[in-house]
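Below: one structure, written as structure tokens.
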Amino acid sequence: MRGRKLLIVTDGKAGHENQSKAFCNALGRRYDLLHVAYPTPFKKALSYAADRVGVLTESLFTVEAKPRKNMYDAVVCTGSTAFYPGKVLANRLNVPVCAILYPKGFRLNFDCILAPAFDNPPKRPNIVSMPVNLSPTTQEYYRDCVKAFEQRYTQQKPAVGVIIGGPNPHATMEVDAMKRQLDRLFELTGAYEHWVTTSRRTPKEIETLVDGYPFQYKLLYSSDTFNPIPAFVTLCDRLFVTADSTGMISEAVTQGKAKVEVIMNLKSSGSKFMRLVKDLESLKVVHVFDGSLGFASNKIDLGPAFEEVKRILLPAQYDRQARKGTAAKKKGQVSAVPGAPKPTAKPVVKPTAKPSPKAGAKPSPKKTAKPRKANTQPGKKVQ
């Protein structure tokens, strides 16, 4: 890996921190974690006002340690609690700063912003749009997760995975509706094993309903917080995911080879959740479950977005790689580094599996390829 580490400024929330880690791993960079927090909601509110008038001060937030200069090439921050501290610390360290997710309410003068298209970010030179949220990108991560899953359960035949989220301001989750979906799901996929996991947002009554079905593997989050989703994504032939979670859908459409069915539980047609589902449906990477099975198994390649971020955030490294790639082409070799892609919300879609057998057909024996080992290193806290 070339270059110094990246500094992840984090609020400690797993969803935000994992996206920052995935970003660093995708860029092939090691990282350190630096936790920040606001002592009061009032000081967090003040950070928006301070940012609007261009005041960058560390007096509004707490930080667990003081990062030293000349140790990092850039600062990475995800989420509203981390955006302002990320700007402040990048300014003090004299390095660029990248915001992951759209920093609503803050000035858009980050060096780079990697924002989901369903947040409707404006078109600016420093904004790179991606069709989904970031999720872990390394094969090493998924290999380790599969290994942990297989210590709990041994798969006997091809499987169907069901990933259940929970209600939010734009989505409902009712027992009768879920029962109809599960009944039909089992009817259409009788030749497969059935796996299910709920989440921290899943209502108790839904978990009670799920517990009554003959799933071969069943994880109820209220009783067990193990995360089987990476293993589901890797091992399952077909995934059913409720529409209320952009994170769960994003992981399903960027990893593995499963055909993805979205269980529709949204109540707002204008929400970002609906925009995500409709965009992915148009790209044929998901099928909205309507009582029949679709064949949406293509996967989204975020590589061009990462290359564009690298060009903006780390131009020196990008230029070195581009020159190396050009030299390789002159020698008749194929370069591993593409030319600078233009910022675009339109993703690259990777075709994957052939169409599956018709509903009820007996699946062919599953062949599991050995995942390739990725070159990543875990981060550590700043001392």
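The values are calculated or read from the model by the stated rules, or taken from the named source; none is laboratory data. This structure is a prediction, so every number in the text was calculated from the model and none was measured. Virtual Cβ from ideal backbone geometry, glycine too; neighbours counted across all protein chains shown. Only protein heavy atoms, including side chains, enter the accessible area calculation; ligands, DNA and RNA are left aside. Shrake-Rupley method; radii C 1.70, N 1.55, O 1.52, S 1.80 Å.
Hey, can you tell me all the residues within the stretch 84-101 that are in a loop (DSSP other than H, G, I, E, B) and either touching a helix residue (DSSP H, G or I) at 6+ places or on another chain (Cβ under 6 Å) or surrounded by 19 or more Cβ atoms within 10 Å (Cβ to Cβ) (or both)?
Selection gives V95, P96, L101.
Quick one: which strands (runs of 3 or more DSSP E) sit completely within the stretch 222-310 and have at least 1 residues that are modelled with pLDDT under 95?
Answer list for the stretch 222-310: 299-301.
Starting from the stretch 151-172, keep only residues that are over 18 Å from T202 (Cβ atoms), then list their pairs with residues that are assigned to a loop (DSSP other than H, G, I, E, B) and among the aromatic types (F, W, Y) whose Cβ atoms are within a distance under 9 Å, requiring at least 6 positions of separation or different chains.
R152/F226; K157/Y192; P158/Y192; A159/Y192; V160/Y192
Just to be sure, is E187 more than 22 Å from G294 (Cβ to Cβ), part of a helix (DSSP H, G or I) and open to solvent by 30 Å² or more (accessible area, probe 1.4 Å)?
Spelling it out, it is not the case that E187 is more than 22 Å from G294 (Cβ to Cβ), part of a helix (DSSP H, G or I) and open to solvent by 30 Å² or more (accessible area, probe 1.4 Å).
If F149 satisfies every condition in (1) within 28 Å of L283 (Cα to Cα); (2) open to solvent by less than 70 Å² (accessible area, probe 1.4 Å) but one, which is the exception?
(1)
For the stretch 41-53, how many residues meet the condition of being surrounded by fewer than 20 Cβ atoms within 10 Å (Cβ to Cβ) and touching a residue at least 12 places away in the same chain (Cβ under 8 Å)?
Selection size over the stretch 41-53: 6.
How many residues, within the stretch 195-213, are in contact (Cβ under 8 Å) with a residue 24 or more places away in the chain and in a loop (DSSP other than H, G, I, E, B)?
Qualifying residue count, the stretch 195-213: 7.
Identify, please: which residue in the stretch 272-311 is charged (D, E, K, R), over 11 Å from P131 (Cβ atoms) and open to solvent by 40 Å² or more (accessible area, probe 1.4 Å) and is, among those, farthest from the chain's Cα centre (by Cα)?
Ranking the candidates gives D290 first.
Across the stretch 13-40, what is the total count of residues that are open to solvent by 30 Å² or more (accessible area, probe 1.4 Å), in contact (Cβ under 8 Å) with a residue 12 or more places away in the chain, out of contact with any Cys (no Cβ under 9 Å at 6 or more places or on another chain) and more than 16 Å from L89 (Cβ to Cβ)?
Summing the residues that are open to solvent by 30 Å² or more (accessible area, probe 1.4 Å), in contact (Cβ under 8 Å) with a residue 12 or more places away in the chain, out of contact with any Cys (no Cβ under 9 Å at 6 or more places or on another chain) and more than 16 Å from L89 (Cβ to Cβ) in the stretch 13-40 gives 7.
Based on this model, can you work out whether K104 counts as open to solvent by 20 Å² or more (accessible area, probe 1.4 Å) and within 22 Å of G247 (Cα to Cα)?
In short, yes.
Return the residues of the stretch 54-106 that are closer than 28 Å to S135 by Cα and polar (S, T, N, Q); say none if nothing qualifies.
If the condition is that a residue be closer than 28 Å to S135 by Cα and polar (S, T, N, Q), then T62, T78, S80, T81, N91 are the ones that fit.
Can you tell me which of (1) closer than 22 Å to Q181 by Cβ; (2) open to solvent by less than 20 Å² (accessible area, probe 1.4 Å) is the one P230 doesn't meet?
Tallying (1) closer than 22 Å to Q181 by Cβ; (2) open to solvent by less than 20 Å² (accessible area, probe 1.4 Å), P230 fails exactly one: (1).
Going by the structure shown, is P85 within 30 Å of K278 (Cβ to Cβ) and modelled with pLDDT of 95 or more?
no
Residue by residue through the stretch 64-83, note down the ones that are closer than 18 Å to Y31 by Cα and open to solvent by less than 40 Å² (accessible area, probe 1.4 Å).
A65, P67, Y72, D73, A74, V75, V76, C77, T78, G79, A82, F83
Here's a check for you: in the stretch 16-52, which residue that is of a type in the set (D, E) and in a helix (DSSP H, G or I) is farthest from F83 (Cα to Cα)?
E17
Okay, residues lined up against (1) out of contact with any Lys or Arg (no Cβ under 9 Å at 6 or more places or on another chain); (2) charged (D, E, K, R):
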site: T137; (1), (2): yes, no
site: R143; (1), (2): no, yes
site: E150; (1), (2): yes, yes
site: P158; (1), (2): no, no
site: T172; (1), (2): no, no
site: T197; (1), (2): no, no
site: K204; (1), (2): yes, yes
site: D211; (1), (2): no, yes
site: Y217; (1), (2): no, no
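If only one of P136, P121 is in contact with a strand residue (DSSP E or B) (Cβ under 6 Å, 6 or more places away or on another chain), crowded, with 19+ Cβ neighbours inside 10 Å and not in a strand (DSSP E or B), which one is it?
Of the residues listed, the single one that is in contact with a strand residue (DSSP E or B) (Cβ under 6 Å, 6 or more places away or on another chain), crowded, with 19+ Cβ neighbours inside 10 Å and not in a strand (DSSP E or B) is P121.
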